[in-house]
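Quick notes on the structure that follows.
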C-alpha cells in the first residue's frame, strides 16, 4: 500500500543457507534508522620479493561487506503508537514508560544470543527498502540513556555491526572466475568437446586426457549435454600429466 510505513526487519535462521527459520526469531525496529553504513573492501597482497626494490599490489580477495546499523529504543512516553515487543500489529495508543527491557531482550535473542541447537549465534537476513543483507552479528554496543526513578531503562541506542555472508552457489556465480589455479565445474553445452572446454579453462587443450581421468570419462568424444565436468587446478593437472 502506498505510503505504508515499513519497518526494518531482521529474521533469524539456524543454517547458513537461510532455509530454516528460528522459532520466534523475528525483530522489527521500533523506529527506523536514520542511516545505515555498508563497507566494502578489496584486499591486496603487497609482499615484496627478496632482492626487489618495490612490488606492485596484487589482488588477493574481496571479503564480504560489512553493515553497521543504529537501533533506537524509547519507552519514555514521548513516542506514541509504539508496538509491544514482537507485536507488530497491535499498537499502544499511549506509551506509559514501561521500560525497554523486553524490547532489548527480543532484539538480543534474535541477533546476539547463542543458538543452542547449532552451537553458534543465528544467521540473519536484514531487509528494509532496497536493503537486503545476509550475514551474522560481529559486534553489539548498547548505550542506555534515560531511566525511571527505580533504575528501569527507558531509552537506549544499540550500534550493531554485521559481517556479510554469501551462500556458496551465489559466491561462485558472482565470482565467475576463470583462473586456471582454481577448481572449476562446468556444464556441457551442445557442441562442447572436452578439448575445447579444457582450452577455455587452462588456455591449452593438452590437459583434456587428465580431465577425462579426473572425471572417469571413458569416451571423451561423446559428452552428454547437461553433464557436469570437474576441472582440477592446473598445478594438480600438470603434476599428474
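Summary of computed values
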read-out: Odd one out for residue 71 among (1) at pLDDT below 90; (2) in contact with a helix residue (DSSP H, G or I) (Cβ under 9 Å, 6 or more places away or on another chain); (3) within 30 Å of residue 101 (Cβ to Cβ); value: (1)
read-out: Residue ID - surrounded by the fewest Cβ atoms within 10 Å (Cβ to Cβ), chosen from residues in region 183-206 that are touching a strand residue (DSSP E or B) at 6+ places or on another chain (Cβ under 6 Å) and over 19 Å from residue 222 (Cβ atoms); value: 185
read-out: Residue list for region 170-209, filter: more than 15 Å from residue 227 (Cα to Cα), part of a loop (DSSP other than H, G, I, E, B) and at pLDDT 65 or above; value: 203, 204
read-out: Among residues of region 26-63, those that are in a loop (DSSP other than H, G, I, E, B) and either surrounded by fewer than 12 Cβ atoms within 10 Å (Cβ to Cβ) or modelled with pLDDT of 80 or more (or both), counted; value: 22
read-out: Test: residue 113 is at pLDDT below 90 and exposed (fewer than 12 other Cβ atoms within 10 Å of the Cβ); value: no
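The values are calculated or read from the model by the stated rules, or taken from the named source; none is laboratory data. What you are looking at is a predicted structure, and each value in this text was computed from that prediction instead of being measured. When we count neighbours, we look across all protein chains shown, and the Cβ atoms used for this are built from the backbone with ideal geometry, even at glycine.
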